[in-house]
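Some notes on the structure that comes next.
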Amino acid sequence: MRVVIVDYNAGNLESVRKAVYYAGIDPEISAAPEDVLAADRLILPGVGAAGRAMEKLRETGLDQALDEAVRVGGKPMLGICLGMQILADELLEFGPCRGLGWIRGSVAPVRDVVGEGPRVPHMGWNSVAPRNGGEAMFRSLKGRRDFYFSHSYTLRPKDDSVIAATVDYGTPLVAAVIWQTVFATQFHPEKSQDNGERLLAAFFDWKP
């Protein structure tokens, strides 16, 4: 299986590569659109500012390659953190900008959703609650479904049926989504120890 981690200067590539390797796959890291098109499965990681990330994807043609490979071609893709958020239509971080537009909805500040109670950014370990068929991705986990979060913005999809898991942070926030052949998480599997490794293995076994 050829797995490509997409490099668009959005950080945490090496930690993702190591986590994928420990999950049983030796991945490539590439910024080349042709490698995206040739991959069997893709991983779109990401930390940082959404607007700059989208600029980089468009400057390099990676946005078109991802669209052709995943949305048109049906290749499975795992999005992580920012790699989940940029699936949306509208990104509101540091001023509105367009995302990939695969999922209808916006990415808004966590503070706007949770109010004045919980601390922002949402950072640390929290348990997720699967829903809408997301249970299959978490089935191999032992005990609590705890994962590591670190984010100040949250996805707000217009169609709740894409939500594969939520996390309770005073109010439910989207923890994972499934859209066509995309599984994406707000949390970081690469920082989530055994649970993250099991989730990555489940993605590689996933047959959407």
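Here are some notes:
- Output for segment 32-48, where each listed residue is at negative phi and in contact with a Cys (Cβ under 9 Å, 6 or more places away or on another chain): Pro45, Val47
- Answer residue from segment 106-154, given it is over 19 Å from the mean Cα position of the chain (by Cα) and of a type in the set (Asp, Glu) and is farthest from Pro189 (Cα to Cα) among those: Glu116
- Test: Arg139 is in contact (Cβ under 8 Å) with a residue 24 or more places away in the chain and surrounded by 14 or more Cβ atoms within 10 Å (Cβ to Cβ): no
- Test: Val162 is under 19 Å from Gly46 (Cα atoms) and either at pLDDT below 95 or out of contact with any Cys (no Cβ under 9 Å at 6 or more places or on another chain) (or both): no
- Residues (in a strand (DSSP E or B), of a type in the set (Val, Ile, Thr) and closer than 15 Å to Arg111 by Cα) located in segment 168-177: Val174
The values are calculated or read from the model by the stated rules, or taken from the named source; none is laboratory data. Here the structure is a predicted model, which is why all the values come from computation and not from measurement. No Cβ is skipped: glycine too gets one built from the backbone with ideal geometry, and neighbour counts run over all protein chains shown.
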